């Protein structure tokens with residue numbers, strides 16, 4: 001069986017970007033995104049400094065997390081080991097970008113679908129080598145069958161010391177590097193030295209990179225400017241001040257990374273932001289309200305009798321509707337949202353979660369139907385048992401979806417217990433807020449419609465509602481900050 005891969009020979013790469021240009025030309029890649037790119041790092045201090053180049057792209061992993069998390073099989077592994085993609089199935093959910101530890105995917109700004117290096121599959125199928133291999137002037141990129149011990153690529157791997165990027169991710173990448181430094185392969189070993197033509201795009205690429213400018217905070221430029229100013233001051237300072245300045249300069253040098261990143265591809269920024277944070281909150285509120293209603297049957301029976309299941313079902317269904325709207329809004333191809341249900345990849349928690357949402361919505365609808373058509377009320381507890389299970393799954397499944405995002409260590413390293421506990425806390429918080437907020441909102445509307453709206457009514461209804469809205473808003477912002485923190489982790 002053929003198993004295609006690449007070897008990047010760092011001993012001979014000159015950083016000419018011929019591979020990047022050839023790839024963009026071959027696949028008509030839009031401006032601002034790349035399927036293959038060259039990373040530059042600089043090590044040492046003048047005059048003992050050096051620059052290293054390395055080509056980065058999709059690693060065509062044997063255990064590719066992007067294919068597991070993709071809800072519609074838009075990404076798939078071919079029999080020859082190439083990880084390819086199908087534009088016609090992609091819904092633009094960006095989950096593959098979260099799952100890839102190598103930041104190899106992007107959303108095509110023209111198509112709204114995911115894309116990446118596909119090993120020039122159309123060329124390989126016709127016995128041609130990938131475009132980047134053909135154009136490399138120093139033959140630093142070698143392609144071929146890794147499972148054929150007689151192939152040039154297998155011999156190169158066998159006869160040299162090779163490394164792969166992020167072996168700890170467990171993806172079994174099929175891109176090997178000859179004599180590359182750890183600083184080049186480890187994204188935490190270098191920092192961006194500034195924002196400019198050769199480092200980053202301050203405004204990001206497309207809507208999915210709104211917050212790329214936040215990388216300014218990571219830049220070492222302020223320290224560099226301070227150091228230059230100190231060097232100039234030291235020349236004219238008295239001996240005592242010179243000693244103080246030298247101490248400060250040594251401290252700055254100690255705080256700076258031993259290697260700096262001189263050139264890299266633009267940051268893609270935050271992929272899942274406000275819409276995702278809000279959808280986590282609304283589904284937690286819907287499922288939490290439902291579960292709390294049935295818990296109150298045993299804990300607060302008087303309150304349970306005061307509120308009917310039909311009111312809870314309607315409120316939860318409305319919140320679930322908002323959840324669906326937010327989910328669809330976050331897609332880059334929202335018109336394809338039904339593909340999640342019609343073309344499901346059952347290994348993806350995005351698909352599993354969609355069916356949990358659908359099932360929970362069906363249970364809520366059943367409660368409403370029983371009430372509207374006067375069906376025996378004893379049916380409510382019977383379907384309530386199933387409803388509680390589906391509500392718990394609805395409120396917690398996002399944690400396992402995030403765990404599938406192997407590119408984000410904060411999410412991927414969470415245990416199942418942590419995931420379930422966080423989900424339950426979100427359900428409890430937003431469910432309680434809904435229990436408090438909904439009756440107050442109803443009272444406010446009824447008071448306004450009755451025409452008896454006086455100062456005291458405003459104080460007793462509007463103020464508590466406002467406070468609850470503020471509390472809920474802070475809850476959503478807390479979730480959003482957690483999402484952003486995980487996604488600011490460097491991948492390249």
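The table below lists the values:
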| read-out | value |
| --- | --- |
| Selection status of residue 131, buried (at least 17 other Cβ atoms within 10 Å of the Cβ), out of contact with any strand residue (DSSP E or B) (no Cβ under 7 Å at 6 or more places or on another chain) and at negative phi | yes |
| Count of residues meeting criterion [in a strand (DSSP E or B) and closer than 17 Å to residue 80 by Cα] in the range 2-11 | 4 |
| Looking only at the range 140-156, and only at residues there that are without any contact (Cβ under 8 Å) to a residue 12 or more places away in the chain and part of a helix (DSSP H, G or I), the one that is surrounded by the most Cβ atoms within 10 Å (Cβ to Cβ) | 154 |
| Meets criteria (in the same structural domain as residue 17 (by TED's automatic domain parsing), surrounded by 14 or more Cβ atoms within 10 Å (Cβ to Cβ), over 28 Å from residue 73 (Cβ atoms) and out of contact with any strand residue (DSSP E or B) (no Cβ under 6 Å at 6 or more places or on another chain)) for residue 120 | no |
| Hey, residue 421 within 13 Å of residue 284 (Cα to Cα), in a helix (DSSP H, G or I) and in the same structural domain as residue 289 (by TED's automatic domain parsing) or not | yes |
| Verdict on residue 14 being without any contact (Cβ under 8 Å) to a residue 12 or more places away in the chain and either in a loop (DSSP other than H, G, I, E, B) or buried (at least 23 other Cβ atoms within 10 Å of the Cβ) (or both) | no |
| Residue check for residue 23: farther than 21 Å from residue 407 by Cβ, crowded, with 16+ Cβ neighbours inside 10 Å and in contact (Cβ under 8 Å) with a residue 40 or more places away in the chain | yes |
| Condition broken by residue 106, with the remaining ones in (1) touching a helix residue (DSSP H, G or I) at 6+ places or on another chain (Cβ under 8 Å); (2) under 30 Å from residue 327 (Cβ atoms); (3) at pLDDT 95 or above satisfied | (3) |
| Listing of helices (runs of 4 or more DSSP H) fully contained in the range 33-139 that carry 1 or more residues being under 25 Å from residue 187 (Cβ atoms) | 65-69, 95-99, 131-135 |
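One line per residue, one yes/no per condition, for (1) surrounded by fewer than 24 Cβ atoms within 10 Å (Cβ to Cβ); (2) within 21 Å of residue 125 (Cβ to Cβ); (3) modelled with pLDDT under 95:
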| site | (1), (2), (3) |
| --- | --- |
| 29 | yes, yes, yes |
| 47 | yes, no, yes |
| 59 | no, yes, no |
| 67 | yes, yes, no |
| 71 | no, no, no |
| 82 | yes, yes, no |
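The values are calculated or read from the model by the stated rules, or taken from the named source; none is laboratory data. Fair warning: this is a prediction, and the values are worked out from it, not measured in the lab. So basically every Cβ, Gly included, is an ideal-geometry build from the backbone, and we count neighbours across all protein chains shown.
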